[in-house]
Amino acid sequence: MATIAGISALALIMTACGGSSNEATTTTPAGSTAASATTEAPASSSGGSSEAPTSSGGSETSTSSGGSGTVPGDDDTWCDTIKSNWADISGKSVSVYTSIVAAEAEGLKNSWTDFTDCTGVTVNYNGDKNFEQQVVVQAQSGNPSDIAFVPQPGLLKTLVDTGTVVAAPQQVQDNVDKYWDPGWKTYGTINDTFYAAPLGANVKSLVWYSPKMFEAKGYTIPQTWDEMVALSDKIAADPDGVKPWCAGIESGNATGWTATDWLEEVVMRQAGPDVYDQWVSHEVKFSDAPIATALATVGSIWKNEKYVNAGIGDVSSIATQGFDTAGAPIQAGQCYMMQQANFYASNWTGNPTISEDGDIFAFYLPTIDPQFGKPVEVGGEFTTAFSDRPEVQAFQFYLSTAHWANNQSKSANSRISANKGLLIDNVQGDLNKLCVGILQDTEAISRFDASDLMPAAVGSGAEWQQLTAWITGQDDATTLAAIDAAWPAS
């Protein structure tokens with residue numbers, strides 16, 4: 001969550017395109033009949049719908065048209081696989097602990113009712129706003145739930161270090177190998193042991209814009225970085241005075257995190273995923289050429305007075321403008337573009353239509369160097385088990401199936417997965433369909449938010465602080481050296 005590691009206001013940014021709400025909820029069995037939101041409002045909406053979500057019982061096959069990267073699903077086999085591998089589990093129960101609450105939680109509960117129908121196992125759900133702190137306390141005290149939905153690889157490692165997390169069964173690993181981009185598996189692997197399969201997903205590599213404003217000027221969606229820069233120049237030269245970009249990095253104690261997103265996106269596109277991985281482990285330092293070049297590229301947009309800060313102020317106003325309202329000038333016709341993750345869907349005011357021909361929409365942040373494919377910065381949860389009882393393993397397996405990925409999106413309008421067996425037709429809303437299309441693109445290269453993977457002293461400390469100083473005038477070299485200096489010695 002470029003997040004997001006410390007952005008409580010974002011609930012670890014698991015909203016639209018795989019989001020989470022932060023209202024309290026109660027522990028209920030999987031058979032809950034509460035309806036989830038199914039409207040075409042912004043995907044993170046927590047409102048209810050008059051239509052009850054559907055939960056397929058296995059009759060549908062995952063071989064129909066979907067995203068470009070879809071693979072055949074397991075609708076006809078998942079229940080038989082569970083019965084053959086984990087027999088005699090009827091009457092058992094599995095406890096799940098997560099930060100996902102409110103309407104989104106109700107959708108999740110509905111998404112696995114057919115697991116209970118198949119196995120006779122009850123799933124007891126506990127959503128908690130204080131999950132990130134309490135899950136560690138529970139593990140350290142020897143009293144964890146059977147399964148936790150962990151939203152950060154760093155938190156997963158902390159839990160593994162307690163000695164209470166158990167490795168995922170081979171059947172789960174096989175599903176991850178089949179259905180996910182390989183990058184996802186690495187984030188569930190600690191010290192060469194695979195522990196946690198991906199669950200939900202979100203996409204950060206987006207640029208928000210107004211389709212109506214673009215149409216009025218005859219602007220088209222840029223397909224490359226150079227085209228995006230050329231569009232920015234064209235907008236900046238227009239005598240109407242509306243600048244191309246708006247931005248804000250103010251977020252209370254987490255001020256600066258949105259700047260880390262921009263930097264991460266450029267590193268992936270300009271230097272490539274291998275350098276990105278080396279940067280996360282500090283084999284490549286912030287002051288090294290690839291990162292310095294990337295920061296200069298970000299600066300060519302964010303520090304360009306002709307480009308920013310549309311409808312808000314000068315370049316320095318980026319530091320004081322709240323990230324949550326930085327897109328308001330787009331709705332006011334004062335700004336054309338803003339880079340932000342899918343979760344920003346909940347921040348637009350007045351319930352605008354979010355679609356490719358509506359009031360607000362988004363496009364994929366274009367590539368810089370085609371040799372690196374189409375980089376996608378992602379976030380998501382990971383299914384982490386603290387027990388290897390048969391019923392727990394069976395539920396882990398179920399959550400790793402393409403069948404469940406489709407149930408999830410049908411049952412909760414803000415939920416998607418990077419599971420390549422997820423069919424576009426089962427995804428609710430144009431924004432979520434866009435996100436799934438990006439994730440399933442055959443050229444997609446997924447990487448988790450770098451600042452979430454770095455030590456907290458850096459990723460949610462020095463990097464936020466120094467990039468804030470950078471946008472208000474501090475030079476590149478001083479900024480990058482100061483971040484390097486914060487890296488822990490061991």
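Taking all protein chains in place and a 1.4 Å probe, what share, in percent, of the accessible surface of the chain do carbon and sulfur account for?
Looking at the chain in its full context, I get 47 percent from C and S.
Place a point 7 Å from the Cα of Asp238 along the Cα-to-Cβ direction; which residues of the stretch 308-328 have their backbone N under 15 Å from it?
Under cut-off, by backbone N: 308, 310-311.
Find how many whole Å separate the alpha carbon centroid of the stretch 261-287 from the alpha carbon centroid of the stretch 446-462.
Cα centroid of the stretch 446-462 versus Cα centroid of the stretch 261-287: 11 Å apart.
By the scheme Lys and Arg +1, Asp and Glu -1, what is the net charge of all other residues having a beta-carbon under 12 Å from that of Ile147?
It works out to a net charge of -3.
Taking 0.36 nm per residue of separation and subtracting the Cα-Cα distance, what length does fully extending Asp357 through Thr186 add?
57.8 nm
Which percent of the Cα-Cα distances in the stretch 93-252 go past 19 Å?
For the stretch 93-252, the fraction of Cα-Cα distances above 19 Å is 69 percent.
Distance between the C-alpha centers of the stretch 196-214 and the stretch 87-107? Whole Å please.
After rounding, the separation between the Cα centres reads 27 Å.
Report, to the nearest 10°, how far helix 430-440 tilts away from the longest principal axis of the Cα atoms in the chain, using its own Cα long axis and a range of 0 to 90°.
80
Local charge sum around Ser281 (other residues, Cβ-Cβ under 14 Å, Lys/Arg +1, Asp/Glu -1)?
After counting each charged neighbour, the total is -3.
For the stretch 316-359, what does the equivalent ellipsoid look like in terms of its semi-axes, each the square root of 5 times an eigenvalue of the Cα gyration tensor, given largest first in whole Å?
Values for the stretch 316-359, descending: 19, 12, 10 Å.
Return the aspartates and glutamates within reach of Lys374: Cα separation strictly under 13 angstrom, same-chain partners fewer than 8 residues apart disregarded; answer none if there are no such residues.
Asp181, Glu265, Asp441, Glu443
Using only the alpha-carbon atoms of the stretch 403-448 as identical scatterers, what base-10 log of I(q)/I(0) does the Debye formula give at q = 0.26, 0.33 Å⁻¹?
At q = 0.26, 0.33 Å⁻¹ the computed log10 ratios are -0.90, -1.27.
Sorted by mean Cβ packing within 10 Å, highest first, what order do the peptides 82-88, 392-398 take?
In descending order of packing, they fall as 392-398, 82-88.
Out of these labelled values of Kirkwood radius over Cα pairs in Å, (i) 24.6; (ii) 27.1; (iii) 22.7, which was calculated from the coordinates shown here?
Label (iii) holds the value from this structure.
Measure up Lys243/Lys420; Lys185/Lys234; Lys212/Lys420; Lys83/Lys178; Lys83/Lys410 against 30 Å on the Cα-Cα distance and list the ones that go over.
Violating the 30 Å limit, Cα to Cα: Lys243/Lys420; Lys185/Lys234; Lys212/Lys420.
For labels at Arg389 and Gln134 in the simple 7 Å Cα→Cβ model, what's the distance in nm?
It works out to 2.0 nm between the two label points.
Would you kindly derive the ³J(HN,Hα) couplings of the stretch 301-306 from the backbone phi angles with the Karplus curve 6.51 cos²θ - 1.76 cosθ + 1.60 (θ = phi - 60°), listing them in order in whole Hz, with x for Gly and Pro?
Karplus values, whole Hz, x for Gly and Pro: 9, 6, 9, 8, 4, 7.
Any idea how far the Cα center of the stretch 370-445 sits from the one of the stretch 316-363, in Å?
25
Can you order the peptides 151-157, 415-421, 219-225 by their average number of other Cβ atoms within 10 Å per residue, highest first?
Highest-to-lowest ranking by the protection proxy: 415-421, 151-157, 219-225.
Largest first and in whole Å, what are the equivalent-ellipsoid semi-axes of the stretch 213-355 based on the Cα gyration tensor, each being the root of 5 times an eigenvalue?
Computed over the stretch 213-355, the values are 27, 18, 15 Å.
What does the charge count near Ala259 come to, summing +1 for each Lys or Arg and -1 for each Asp or Glu among other residues with Cβ under 12 Å from its Cβ?
So the environment of Ala259 carries a net charge of -4.
So how compact is the stretch 370-490: Cα radius of gyration and Dmax in angstrom?
Rg, Dmax (Cα atoms, Å): 19.5, 58.
The values are calculated or read from the model by the stated rules, or taken from the named source; none is laboratory data. Quantities reported herein were computed from a predicted structural model and do not represent experimental measurements. Quick reminder, even Gly has a Cβ in these numbers, built from the backbone with ideal geometry, and neighbours come from all protein chains shown. Accessible surface is based on the protein model in full, side chains and every heavy atom, while ligands, DNA and RNA are left aside. Shrake-Rupley method; radii C 1.70, N 1.55, O 1.52, S 1.80 Å.
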